[in-house]
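Participant: Would you mind keeping the following structure in view while I ask a few things?
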Amino acid sequence: WASDVSRDLRRLVFTRDIGKGRELQHIGEIDLLNDKVKIYDNIEPMRIFSFAVDEEKIVFTGATMKDIGLYMIKRDTVEKLAVMPAFASVNDVREDLIVGSGVLMKNPKSSELFIYNISTNNLEILTPKEGSVNRTPIILSDRKILFQSNYQDPDRMRLVELDPEARLFREKIFDNKDLERYDPVEYIFMRDFNDKILVIGKREGRSRIF
């Protein structure tokens with residue numbers, strides 16, 4: 001199923017269906033340097049919503065019959081980090097920060113961000129404006145968080161940067177104006193590659209890479 005590659009291009013993580021139609025999966029990874037495959041079948045099978053990977057760990061959200069949890073796999077050890085209040089997707093992990101989004105205030109018309117700090121075991125739910133839609137956060141190299149939000153205009157998603165220490169939200173403006181001129185209404189992909197931000201913006205049924 002879905003897959004993702006770590007920033008150092010050494011690991012490709014994927015899910016494997018084992019439920020025979022019951023939507024139950026295990027996490028697996030491929031060591032791209034040594035061409036080895038590992039399936040983490042020591043985890044209770046669950047419905048895995050999303051995952052992210054860095055150089056040393058895999059984080060994911062998944063649902064069992066009991067709850068929706070945020071999990072981490074590191075050095076072959078699986079740890080349940082938190083119980084999520086509602087449906088949530090992981091988008092990125094970097095060092096001790098995990099970020100994602102979901103219907104965390106249980107309002108079906110909105111979505112909020114979450115930040116989990118592995119060092120402090122602290123889960124925070126954040127939104128620039130109650131009732132707004134906030135999605136696809138990524139962690140930049142300076143530990144700021146970039147995401148898309150409609151909190152300024154309900155009909156258009158804009159790129160917003162969050163300083164998690166100061167709890168400040170501001171619209172992200174780039175020096176290069178190509179993205180601004182294209183003026184997308186939403187973003188279907190974002191990733192930080194070695195301090196270079198790649199985004200795919202969409203408008204009028206078409207998309208462009210910036």
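The values are calculated or read from the model by the stated rules, or taken from the named source; none is laboratory data. Bear in mind that the values here come from a model prediction, so they are computed numbers and not experimental data. Note that we place each Cβ from the backbone using ideal geometry, even for glycine, and neighbour counts take in every protein chain shown. Calculation scope for accessible area: heavy atoms of the full protein, side chains included, ligands and nucleic acids excluded. Shrake-Rupley method; radii C 1.70, N 1.55, O 1.52, S 1.80 Å.
Participant: Quick one: which of Ser89, Ser119 is within 30 Å of Asp31 (Cα to Cα), modelled with pLDDT of 95 or more, of a type in the set (Ser, Thr, Tyr) and touching a Phe, Trp or Tyr at 6+ places or on another chain (Cβ under 8 Å)?
Facilitator: Exactly one residue qualifies, and that residue is Ser89.
Participant: What number of residues within the stretch 13-31 satisfy the criterion of being within 24 Å of Glu95 (Cβ to Cβ) and open to solvent by 40 Å² or more (accessible area, probe 1.4 Å)?
Facilitator: Qualifying residue count for the region: 2.
Participant: Suppose we keep only residues that are on the phi < 0 side of the Ramachandran plot and not in a strand (DSSP E or B) within the stretch 143-154. Which one would you say is nearest to the chain's Cα centre (by Cα)?
Facilitator: Lys144
Participant: Filter the stretch 113-127 for residues that are touching a Leu at 6+ places or on another chain (Cβ under 8 Å) and not aliphatic (A, V, I, L, M); which is surrounded by the most Cβ atoms within 10 Å (Cβ to Cβ)?
Facilitator: Phe114
Participant: A follow-up question, please. For the stretch 104-142, which positions are outside any strand (DSSP E or B) and closer than 16 Å to Glu171 by Cα?
Facilitator: Listed by number, the residues that qualify are Thr127, Pro128, Lys129, Ser132, Leu140.
Participant: Among residues belonging to the stretch 155-164 that are part of a strand (DSSP E or B) and open to solvent by less than 40 Å² (accessible area, probe 1.4 Å), point out the one that is farthest from Val199 (Cα to Cα).
Facilitator: Leu162
Participant: Exactly one of (1) open to solvent by 60 Å² or more (accessible area, probe 1.4 Å); (2) closer than 21 Å to Val5 by Cα is unmet by Ile138. Its number?
Facilitator: It is condition (1) that Ile138 fails.
Participant: Looking at the stretch 87-103 only, could you name the residues that are farther than 21 Å from Tyr151 by Cα and part of a loop (DSSP other than H, G, I, E, B)?
Facilitator: Glu95, Asp96
Participant: Another question, then. Name the residue, out of Arg143, Arg167, that is open to solvent by 40 Å² or more (accessible area, probe 1.4 Å), within 23 Å of Thr61 (Cα to Cα) and touching a residue at least 40 places away in the same chain (Cβ under 8 Å).
Facilitator: Selected residue: Arg143, the only one of Arg143, Arg167 that is open to solvent by 40 Å² or more (accessible area, probe 1.4 Å), within 23 Å of Thr61 (Cα to Cα) and touching a residue at least 40 places away in the same chain (Cβ under 8 Å).
Participant: When residues of the stretch 69-82 are filtered for being open to solvent by 30 Å² or more (accessible area, probe 1.4 Å) and within 13 Å of Met46 (Cβ to Cβ), how many remain?
Facilitator: Of the residues in the stretch 69-82, 2 are open to solvent by 30 Å² or more (accessible area, probe 1.4 Å) and within 13 Å of Met46 (Cβ to Cβ).
Participant: Here's another thing I want to ask about it. Given the conditions (1) farther than 24 Å from Glu29 by Cα; (2) within 18 Å of the chain's Cα centre (by Cα), which single one is not true for Pro108?
Facilitator: In the conditions (1) farther than 24 Å from Glu29 by Cα; (2) within 18 Å of the chain's Cα centre (by Cα), Pro108 misses (2) alone.
Participant: Cβ-Cβ below 7 Å, separation at least six or inter-chain, first residue in the stretch 24-38 and within 18 Å of Phe60 (Cβ to Cβ) and touching a residue at least 40 places away in the same chain (Cβ under 8 Å), second aliphatic (A, V, I, L, M) and surrounded by 11 or more Cβ atoms within 10 Å (Cβ to Cβ): which pairs?
Facilitator: Ile27/Val13; Ile27/Ile43; Ile27/Ile48; Ile27/Ile58; Ile27/Ile73
Participant: Give all pairs with beta carbons closer than 6 Å in which a residue from the stretch 62-89 that is within 18 Å of Pro137 (Cα to Cα) meets a residue that is part of a strand (DSSP E or B) and of a type in the set (S, T, N, Q); count only pairs at least 6 apart in sequence or on separate chains.
Facilitator: Once the first residue is within 18 Å of Pro137 (Cα to Cα) and sits in the stretch 62-89, its partners that are part of a strand (DSSP E or B) and of a type in the set (S, T, N, Q) give Leu70/Thr61; Ala88/Thr61; Ser89/Ser50.
Participant: Identify, please: which residue in the stretch 32-68 is among the β-branched types (Val, Ile, Thr) and farther than 14 Å from Val5 by Cβ and is, among those, surrounded by the fewest Cβ atoms within 10 Å (Cβ to Cβ)?
Facilitator: The selected residue is Val37.
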